[in-house]
Each structure stands twice: as structure tokens, then as C-alpha cells.
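Everything on this sheet refers to the single structure shown next.
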Amino acid sequence: MEHYTMNLTLKVWRQKNTDDRGGFETYPVKNISSEMSFLEMFDVLNEELIREGKDPIAFDHDCREGICGMCSMYINGRPHGPWKANTVCQLHMRAYKDGDTIVVEPWRANAFPVIKDLMVDRTAFDRIIQAGGFISVNTGNALDANAIPVRKDKADAAFAAAACIGCGACVAACKNSSAMLFLSAKVSHLALLPQGAPERKTRAMNMVAQMDKEGFGACTNTGACEAVCPKEISIDTIARLNREYMLGAATVES
Amino acid sequence: MLESKIPSGPLEQNWTYYKGHCKLVNPANKRKLDVIVVGTGLAGASAAASLGELGYKVKAFCFQDSPRRAHSIAAQGGINAAKNYQNDGDSVFRLFYDTVKGGDYRAREANVHRLAEVSVNIIDQCVAQGVPFAREYGGLLNNRSFGGTQVKRTFYAAGQTGQQLLIGAYQAMERQVALGNVQQFTRHEMLDVVIIDGKARGIIARNLITGKLERHFGHAVLLCTGGYGNVFYLSTNAMGSNVTAIWKAHKQGAYFGNPCFTQIHPTCIPVSGDHQSKLTLMSESLRNDGRIWVPKKKDDNRKPNDIPEEERDYYLERRYPAFGNLVPRDVASRAAKERSDAGYGVGTTKQAVYLDFKYNLINKYGRAEATKRGIQNPDEATLVSLGKEVVKEEYGNLFDMYEKITGENPYEVPMRIYPAVHYTMGGLWVDYELMTNIKGLYALGEANFSDHGANRLGASALMQGLADGYFVIPYTIGNYLADEIATKPVPTTHEAFEKTEKEVADRINTLMNIRGKQTVESFHKRLGKIMWEKCGMTRNALGLQEAITEIRALKKEFWRDVCIPGAIHEMNPELDKAGRVADFIELGELMCKDALDRNESCGGHFREESQTEEGEAKRDDANYSYVAAWEYAGEGHWNLYKEVLNFEVAKPTQRSYK
């Protein structure tokens, strides 16, 4: 790869805490290598701010390998930036050229209040999982792992849904701030496996009820979530969620 | 002084005997007992879930915004279990033996045997939770092979095994949160252990959003806080991974076991520049299907695909014909360093070797697919394209990650890889029950020293984390808590809580008031450089002595000149980081001291003074067959206690993979 350096202008959302109004600040950054990751560019800027006696920009990040789901920046109007199937931490500066202006905001959703700058509170996702995103099996109860064969196509589809990293990009991209893709990924993962079958009737209903309680919006099938999902979770999972919901809502025990 | 509490009797019956004889706590009493779990990775989440299911009142803490983000999530390749589903000769004994040998005979036999025994239960449990492991067309589980073994015993979910296992444990834990058995505290960092009358009785934690210190009582405290590889600054660990929790426990009296045992993983994406903030692993499972080579000619600047077959040196296959590309991690790492240092390295920095998939794309996967589809005499392009489809399914996410980071397509061009710090075998010293020498204080998973000796085999970290959390601690903690049922919860107004909280607050105030000139990050980088150069892949006495002097000086400078912006009572990531780096600096000194003291080579610890004529690690069983357990004795001072290791079943031999 050709290496080059660039000078950029960053417009970053600054907000002291949840109650603060917040606003954009502009920062020039110089001599950024095309080999840096986007977050390393923020590291460089933060080091400079600290040396100047200013408050560095708070942002969430941890694994920096695209798997923990912690990083969350809304870059030029798109969660996780311009690359497809990507997280911010894996976005590299060769996506930009000298002179570019980049606008960086936090996830925007009522259910994700801003904690500081680019950090938001995503504990709503934990509570949705608590509502039913599990299989009720205590430690020590298990059958032999090969006792129940699982069709490979089903297992693969369950895995594809389970790849969700819970980052919240789907919510940030959605004009309704819906959490349907997140929720449907979990429901699909568990519904596709025989182990998840006993709780199918209640799982989707309970999780949807919690999602509504948290203040996420409804799904209007625009597909914005799928387009930005770093793990390429398909909106087909939302169709499956709807079927699962109907299974729970429209059938009665005889 | 060091009582390992290994049950008497034959090794293979130790655990069964223990489970049949340990004390139990009845369900009504469990509800009166509080257990604190710090860290929510595989060990912490599985422990919190299992103890919650049993009826204990659990409080679980993590510094991330959700328990699901703990760094176990990044484990790629797989998890070992002695299922022998492949009918290739595996057994509990073989897994036990491979692990002890892989650890270069510096692990405790009884712990490792238990680990191998419960490995099979882990797979069952995970499948029951809905972990979507890879399967065959018949619907049964698939396996792959990993380094240091000759059987296929590794269960996996593409390159995301850690993620799927952690999500399984996380979901089990969230279920307990919903049931009210586990209370979860996210964005909280443990900053000290509270000890009353010699027993761990709680922690001081800082709420990272408000900056407020909190006191939490527990009848027992479990530290499941992972490894300390970030002492090297650059590692495959997450940015937040740190030693603070176990370091605080160490300073309160818990012994630190084998601190210098560090695993340098051979297949990571090489450093590209000074801006680098972390290193990314490419799973060991890739060594199944990739061949590692360098040019036979020094300083060969041709593109890899322009170098003909006969001018490539497949140095692992050459040096270790029996295990080839699947030698254990320590061996593979040193061999890569040896070639690079000798002038055969590749890439711009020359600190890299090639990991090449083309051979297996064509010959292994391509041909098998062609046969399956009845394609006669396929040409190379067809084979490559068929092979790619299979490799994509196995490792697609890893190949994508490599391309995002380097901008190169590994299906076409060999990957460039180089060793990087990955895992720390050392950790708090624990007995057979996973209890430290402080009563009621436990360490699980990577945070303890116990199962991997001087080198961990691939796909064994996930196994150990889950073994400790799901299947060991639920038994061993009862043996302690059975005697605590009459202990009423200690009010957090108790003087020990007051005193410990004040010490924590004072330290934070001191840090904030330094108002120096240098950033936390700059100190961390300097520490990392010292550690990597002098306590890294190879070590010698002179270098280690220099490192100790340099680290002491760095520590002074840090406490005089570190610059932390912002205030205490707000979200302040620089302050969080400063506390962690301060602890890493102290740990660095102990690691060098331990490495200096152990004048032998074993596993990942390679002392230049102790090698065979062929440059392999030379162990010294006569003098060093022990666990080094260090007791903190005031600034810059430690006392060494030795737990002598007895090998009754896996008799030590010179490790050979030739």
C-alpha cells in the first residue's frame, strides 16, 4: 500500500455530561499517516489537547479489533464511518485524503443518553437481553454436546445472527432509533437452535416489551440498520422476529 | 507457608474426591452470603452466573459499559476439550499431558488434570446455552487442530469463538440479573480489596461516570480480571486491560505467582509505526492451513509471490519436522525472531515473516472441493477459487480484519506476521481451590497463575476461564463459605472500609495534584519499550538489571511529572489510565526481578544464558522446578516463597517438537 500523510479538520461533538447542552468544536489535525486507525488519529489529537492543558475528547473503545462493540462514533452522518461491514476501530485513515473535513458525533437516540462527548449509555441493550435473550439452562444441566444434531445450515444461520456485537450502530442509523436489528439478531440466534425452542413463545414478546419500555422507536423497514451493521446482520432477522412475535402473541395454549 | 491443598490420592481421582468431601452450604444459607465478582470475562461471567444460579447474592463489576465487552470476546481460534469426537486418540489424560508438557513442566499437575476433566462439561454447557459452534453436515460438532498437540480437539465458531462463549456466559449472567440473584455494576473499577481480620470482606470501587468511590461488602471476593500483557504497552490485549485489581490485592498481601511468564504469540500483524496503539492477533488456527516462511536470501526485496518455491525457507518445517508449523507458541515466536534478527525478515520494517495460504488453498481445500464437485483436471485458478470458498468459511473474518488493517488481500498475498505479547501465564498465586493466600480472596482465569505453567497452549485460555467459573469455583467457594454462614454482612461504615477508601482517595488526589508536563500515554510507552527490549522474547541478567534501574527511575519521574487533565468527580479516562499505568510500572519491576531470579529457560521465559547448542530453551529442573510466589514487602522489596512442583505422572523431559 502507498503510504501518505494528511492534514484534516475535525468537527467533534463536545458535551461535558448528560445534562450539558453540548456543541461542535473544530480541531485541525496534522501529519496523520494513512496507516493509522481512526481511533489512533483521535489518540494523537487527545495527546495534543492534554499537552495544551485542554480536556481530551472522551470516546468509548476497548478491543480495537472490531469485536467488543464498545467503539461508537457517528462519522459524516454514518455510524462507524464510510467502510462497509466495519467498526470505527478498524477504520483506517487511508479512507481519507489531505484536506478533508470530518464530522464526528455520538450515537443519537433517546434510549442512548450521552455520558460525555462521544460516549453514550447503552445499558438499555443489557436490559433487553435480561428480558429474554438467553436459554434458561443452569450450569451442570447439560446433555452431551453431540446428543442433539443441529442441521448445518441452521447452525450457520444461528451463528450469522449471533455475530452481533451489540454496538448500537443499527439504532444510530435508524430514523426511528429502533433497536429491532439488535433484538432480532438475538431472537434469531436462539430461535434457530433446538436448544432455544422451549422458550420461543415468550422470548420475542418479552424482549420487544422491554425495547418499547426503553424508548426505542418502531421499525419501518428502511433497511438503514442493515446497511451500517459491522457484522452484516441481515434484516431477514427482523422478519423472523416478527414471525416469532406472532407465534407468541397469536397462539394460545390448548 | 504455601499450602497448595491438593487432595491426597491418585491424580485422576483428586477432583472426584474433593467434590465428594468438600463442605456444602444449604440453599437457605446461600441466600445470606454475598459474593463479589470483579471482571466479567469468561471466568467472571461464568462464575457470576453459576453462583447466582446456586442462590448466592452476587455483585458483578466491570469497567466496560457492558459485561459483554470483556476482552475474552476477542479470542479467535477455539476452545480445547478432551471429547475425542474425532476418534483420533484423544483423552483426558492426553489433554492433561499436552498441557503440562506445553507449559514446560512449570504448572501444578493436579490443577491441570482437573482442567482436562471438566473440559468436556464446558462444551456440553455451552452447546446447551446456544453457543453456535461449527458443525459438520451430519449436524454434529466439528473440530480443528492447534499448536502443541497431534489431535484435533479444538471446538470453534469461525474466528469468533471467544465472542460466542462470552455471549453465552453473559446471557446466563443477565438471566440471573433478571432473577435478582446478580447485581451488575458496569463502568466501575475496583481500586482496592478490604481486608478484615485476615479475610477479604469487600472492595472499594470507583464509579467511572461520576468518579465517586463506593464501598461494597462481600463474604468472599473473586478477582476475574484477566492478564497484564499491557505492561508492554503494545499487546493484543484490549486498551483497558490492566493489572490494577490483582496488583492492589498483591499489595494487600496476596502472593504473585511467576510474574515473568509471558506469552508472546507468533502470529500477529506487525507494528506499522509510532502511532500504533495495539497489536492484532491472527489466530493460531491459521497455522493449520498456512505455511510460515522467509526468503532463503538475506535482504530479499522481491515481492513474496515473485520468490520461487525453491528460494523459500519454511524454517519451522525445516527445524521441527514432527510438528512443523504447529509447534507451540513460544517455539514459533523465537524462531521468527531468530530469522528476522539474522537478516531474513520481510516487509518494510524487516521485522516480519510470511504466513502463506496458497499451498493449502490449492492442495488441501481446492483439490478436495474439486473432487467433491467432480471437476476433472482442474487448473490452478479453479483450485484457488474453490479453495478460497472453504477458507472464507473457516477464517473469513480474520482475513477481512487483516485486509482492513494492512490494505493487503491475504487470499492473494501472504500475510506478514510477527510475534506480539498476548497472554500472561503468571498471576496471583492460588491453591487448588483457586483461593489466594488471603482467606476469601480468589483469583480465576488469566488473573491466576495456575494451569499453564511457563507457556499456554492455544485454545486453552477459554477452557481455563470457563472451567474456573462454571465448574471449579461453585464447589470450592462452598468449602470456605460453609464456615461463614454465621458471619453477618459487615456494615460498610466499618473502620476497615473507611481506612481503605481513604487510602484510595488519597492516591487519586496525589495523582491529580502532580500537574506535571508528560502525558500518561508517554510514560506507558516508555515502560513498554523497556519491558519489550529487556524482559521480552529473550532475556539476560544484564538487561534485566538495567531494566529494574530504568523502571525505578521511570516511576520517580511519573510521580513527579505526570499530567492528568480534568477533575476527579467526573468521567475522566486519563485519570483511570494514570492509575493503571502507575500499577504497571510497579509490576514491571517485579516481572524483571522474577525473570532475573529464574536463571533457566522454560516455555515463554527464555534466558539467553540457558540454551542448548541448537538454541532451544534449556530447563533446569534441579534448581527451578517451583512456582515463584512473591510477597510484597514495601516499595521495591519482595520476599520469595517457592512452591515445589512434584511431577508424579507427567515426568519432565526435554520438550521436543522435532
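Residue count for the stretch A:10-43 under the criterion of being within 14 Å of A:Y96 (Cβ to Cβ) and β-branched (V, I, T): the result is 2. Among the residues of the stretch B:107-140, those that are more than 7 Å from chain A (Cβ to nearest Cβ), aliphatic (A, V, I, L, M) and under 22 Å from B:S285 (Cβ atoms) comprise B:L115, B:A116, B:V120, B:I122, B:V131, B:A134. For the stretch A:135-147: of the residues being at the interface with another protein chain (Cβ under 8 Å from one of its Cβ atoms) and out of contact with any Phe, Trp or Tyr (no Cβ under 9 Å at 6 or more places or on another chain), which is modelled with the lowest pLDDT? The residue in question is A:N141.
From the list B:K337, B:K350, which residue is closer than 29 Å to B:D104 by Cα, assigned by TED's automatic domain parsing to the domain that holds B:V294, of a type in the set (K, R) and surrounded by fewer than 22 Cβ atoms within 10 Å (Cβ to Cβ)?
When all the criteria are applied, what remains is B:K337.
Do the conditions hold for A:I115, that is, is it of a type in the set (V, I, T) and within 7 Å of chain B (Cβ to nearest Cβ)? So A:I115 fits the description; yes.
Just one of the listed residues (A:R108, A:R78, A:R127) is in contact (Cβ under 8 Å) with a residue 12 or more places away in the chain, more than 7 Å from every other protein chain (Cβ to nearest Cβ), more than 23 Å from A:E232 (Cβ to Cβ) and within 19 Å of the chain's Cα centre (by Cα), and it is A:R127. Within the stretch B:157-211, being modelled with pLDDT of 95 or more, within 30 Å of B:L326 (Cα to Cα) and not aliphatic (A, V, I, L, M) holds for B:T161, B:G162, B:Q163, B:Q164, B:G168. Counting only residues that are touching a residue at least 40 places away in the same chain (Cβ under 8 Å) and either aromatic (F, W, Y) or in a helix (DSSP H, G or I) (or both), the stretch B:599-623 holds 2 of them.
Scoring B:R69 on the criteria (1) away from chain A (no Cβ under 11 Å); (2) crowded, with 22+ Cβ neighbours inside 10 Å; (3) closer than 30 Å to A:Q130 by Cβ; (4) basic (K, R) leaves a single failure, condition (1).
Restricting A:V120, A:V150, A:V137 to residues that are of a type in the set (V, I, T) and under 21 Å from A:G217 (Cβ atoms) narrows the list to A:V120.
Tell me, yes or no, whether the stretch B:34-47 has at least one residue that is under 17 Å from B:A443 (Cβ atoms) and at the interface with another protein chain (Cβ under 8 Å from one of its Cβ atoms). Yes - at least one qualifying residue is present in the stretch B:34-47.
Checking B:Q125, B:Q160, B:Q164 one by one, the residue that is crowded, with 23+ Cβ neighbours inside 10 Å and free of Cβ contacts under 8 Å to residues at least 60 places away in the same chain is B:Q164 and no other. For B:Q184, the requirement of being part of a strand (DSSP E or B) and within 13 Å of another protein chain (Cβ to nearest Cβ) is met. Take the conditions surrounded by fewer than 19 Cβ atoms within 10 Å (Cβ to Cβ), closer than 22 Å to A:A58 by Cβ and modelled with pLDDT of 95 or more and apply them to B:E570. Does it pass? So B:E570 passes the test. Within the stretch B:186-207, the set of residues being farther than 21 Å from B:P67 by Cα and surrounded by fewer than 23 Cβ atoms within 10 Å (Cβ to Cβ) comprises B:I195, B:I196, B:D197, B:G198, B:K199. Note on the stretch A:148-163: among residues that are in contact with a Leu (Cβ under 8 Å, 6 or more places away or on another chain) and closer than 22 Å to B:M173 by Cα, the one that is farthest from the other protein chains (Cβ to nearest Cβ) is A:A161. Among the residues of the stretch A:85-100, none qualifies, meaning not one is in a strand (DSSP E or B), more than 7 Å from every other protein chain (Cβ to nearest Cβ) and over 19 Å from B:S241 (Cα atoms). Restricted to helices (runs of 4 or more DSSP H) entirely inside the stretch A:179-254, those with at least 2 residues that are at pLDDT below 95 are A:200-214, A:236-250.
Take the conditions (1) under 25 Å from A:A163 (Cα atoms); (2) in a loop (DSSP other than H, G, I, E, B); (3) among the β-branched types (V, I, T); B:V413 misses just one of them, which is (1).
The values are calculated or read from the model by the stated rules, or taken from the named source; none is laboratory data. Note that this is a predicted model, so its numbers are computed, not measured. For neighbour counting, all protein chains shown are included, and Cβ atoms are generated from backbone atoms with ideal geometry for every residue, glycine included.
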